[in-house]
Amino acid sequence: MKIIVIGVGKVGYAVAEQLVNEKHDVIMIDTSKDILRDALGSLDAIGINGNGATVATLTEAGVSDCGLVIALTGSDEVNLMCCLIARKLGAAGTIARVRNPEYHTELSLISESLGLTMAVNPEHEAALEVFRILKFPTAINVDVFSKGMIDLVSFEVVKGSSIAGRAIKDSFRELEFDVLACAVHRRDDVFIPNGDFVIEEGDVVAAMIPPREIMAFFKAIGNPVKKVKSVIIVGGGVIAQYLVRELESLNMSVTIIEKDRENAKHLSFLFPHANIVCADGTNREVLLEEGLQNTDAVCSLTGFDEENIFLSLYAKNASPNIKTITKVNKIAFQEVTGILDIGSVVYPKYTTADKILQHVRARQNNVGSSVETLYKIIDNKVEALEFHVAEDSLVAGRTLLEMKLREGVLIGAVTRDKKPFIPHGLDKLMPGDSVVVVTTITGISDLDSILEE
């Protein structure tokens, strides 16, 4: 598919990179020659230096025969203008980045009025990811399927865990939960495990489980369970604003440390029930004074990756049992974050790239069982995808035992009539089911593609 990406910042580059990797014809537009030159040095794409909100630049990019235009500049208004013009010039589909919280409640109206195919909000998606982790603090990450009825939960196997050193078919069978181990990350290796696979202490396991059973599951296997009642958020930007709105539903005690006086004042009006502190959140004395050693969680959400990483490291050192969540944007820090004890790491640009990639794969396959949900987990080495089973799908009416799945593919969960379950060998996939597939294979866009034949 021919796809135009307007705005090659952190999010734009991540999206373009994913699309190039999946063999799409990508044209990148940016007003900065330097940014384009750097991007083209590592991506097999076409670059156009210009304003993506003008007819001339979009025409030069060939918008009239373009399958999708994705506007990801730093300005919501420019993104919407790009999509409006692109649509008028013949683009088949348009996606706009809209991040301002003031527009959030009107997104459906904006999308409908401008004919947007989709609106994406990296900051809101990142806030939801942080929120899910704070709800289940034992987890490293929580991804949602079937409209919240089943979750893919990643967690580290701690010392003394009942599932460590034992085959999955033995340790998981003892548990009174509908749970399935779908992927295991061990040092530099990733496995899609079978029943004979032995989980070791220190492994990161991604397991399918209903949200209502997550806390009880962690308790049963010996992972520490502790609810978050108080949280310190360092950095009062857009992600923090979306996050606090979500946290209000959990009645958490929230402290936001923001060093910009005007923004701190703005936050105090937005969130009268939160404790707003105008100070430098990277200052040790400030953190201790605001109760770092007595709080349950710290979210490092400043605009600087280095500050966020060091903040989480210091928080862990000052209070070893604290839950830390670290926002990171730069790809270069991925190797560092993997070896440092900074808790859960959230990458806003990858969350957005996943949503756009999900949409692109669905557009590639308008007929049949196409992708409805997509997450890349375990350092982007594993994909978890949700499909709707079509009437004419090759898997419809067949049991798991009858299917010959490709190597590196596992069916993790099925939702039928709004009831999720972990499927077993004699269970059939039926038309209308939602099916979650976990795989190390990249690029699957149709449910039938999981079959070997």
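The values are calculated or read from the model by the stated rules, or taken from the named source; none is laboratory data. Since this is a predicted model, take the numbers as computed values, not measurements. Every residue, glycine as well, gets a Cβ built from its backbone with ideal geometry; the counts of neighbours run over all protein chains shown. The area values use the complete protein model at the heavy-atom level, side chains included, leaving out ligands, DNA and RNA. Shrake-Rupley method; radii C 1.70, N 1.55, O 1.52, S 1.80 Å.
Among the residues of the range 345-400, those that are open to solvent by 20 Å² or more (accessible area, probe 1.4 Å), touching an Asp or Glu at 6+ places or on another chain (Cβ under 7 Å) and free of Cβ contacts under 8 Å to residues at least 40 places away in the same chain comprise K376, L400.
Exactly one residue out of P423, P431 is over 21 Å from P193 (Cα atoms), more than 23 Å from the chain's Cα centre (by Cα), in a loop (DSSP other than H, G, I, E, B) and not small (G, A, S): that is P431. Every residue in the range 400-420 that is among the basic types (K, R) and in a loop (DSSP other than H, G, I, E, B), please. Matches in the range 400-420: K404, R406, K418. Residues that are among the charged types (D, E, K, R) and open to solvent by 30 Å² or more (accessible area, probe 1.4 Å) were ranked within the range 104-141; the one that is farthest from D203 (Cα to Cα) is E112.
In the range 32-48, which residues are out of contact with any Gly (no Cβ under 6 Å at 6 or more places or on another chain) and either over 17 Å from V69 (Cβ atoms) or open to solvent by 70 Å² or more (accessible area, probe 1.4 Å) (or both)? Working first, answer last.
Taking the range 32-48 as the starting set, the residues that turn out to be out of contact with any Gly (no Cβ under 6 Å at 6 or more places or on another chain) are 32-35, 37-39, 41-48.
Result: S32, K33, D34, I35, R37, D38, A39, G41, S42, L43, D44, I46.
If you go through the range 134-141 one residue at a time, do you hit one that is of a type outside the set (V, I, T) and free of Cβ contacts under 8 Å to residues at least 60 places away in the same chain? Scanning the range 134-141 turns up no residue that is of a type outside the set (V, I, T) and free of Cβ contacts under 8 Å to residues at least 60 places away in the same chain. Go through the range 59-108 and count every residue that is over 23 Å from the mean Cα position of the chain (by Cα) and assigned to a helix (DSSP H, G or I). Residues that pass the stated criteria total 16.
Can you work out which of the residues in the range 153-169 that are surrounded by 15 or more Cβ atoms within 10 Å (Cβ to Cβ) and of a type outside the set (A, V, I, L, M, F, W, C) is nearest to the chain's Cα centre (by Cα)? Give the steps one after another, and end with the answer.
First, pick out the residues of the range 153-169 that are surrounded by 15 or more Cβ atoms within 10 Å (Cβ to Cβ): 153-158, 161-164, 166-168.
After this cut, where a residue has to be of a type outside the set (A, V, I, L, M, F, W, C) as well, the list is 154, 156, 161-162, 166.
On the way: S154: 12, E156: 18, S161: 27, S162: 29, R166: 30 Å.
Here the residue is S154.
Of all residues in the range 406-416, none satisfies being surrounded by 19 or more Cβ atoms within 10 Å (Cβ to Cβ), of a type in the set (G, A, S) and over 20 Å from D151 (Cβ atoms). Is at least one residue of the range 296-309 surrounded by 18 or more Cβ atoms within 10 Å (Cβ to Cβ), under 23 Å from N329 (Cα atoms), modelled with pLDDT of 95 or more and among the acidic types (D, E)? Within the range 296-309, not a single residue is surrounded by 18 or more Cβ atoms within 10 Å (Cβ to Cβ), under 23 Å from N329 (Cα atoms), modelled with pLDDT of 95 or more and among the acidic types (D, E).
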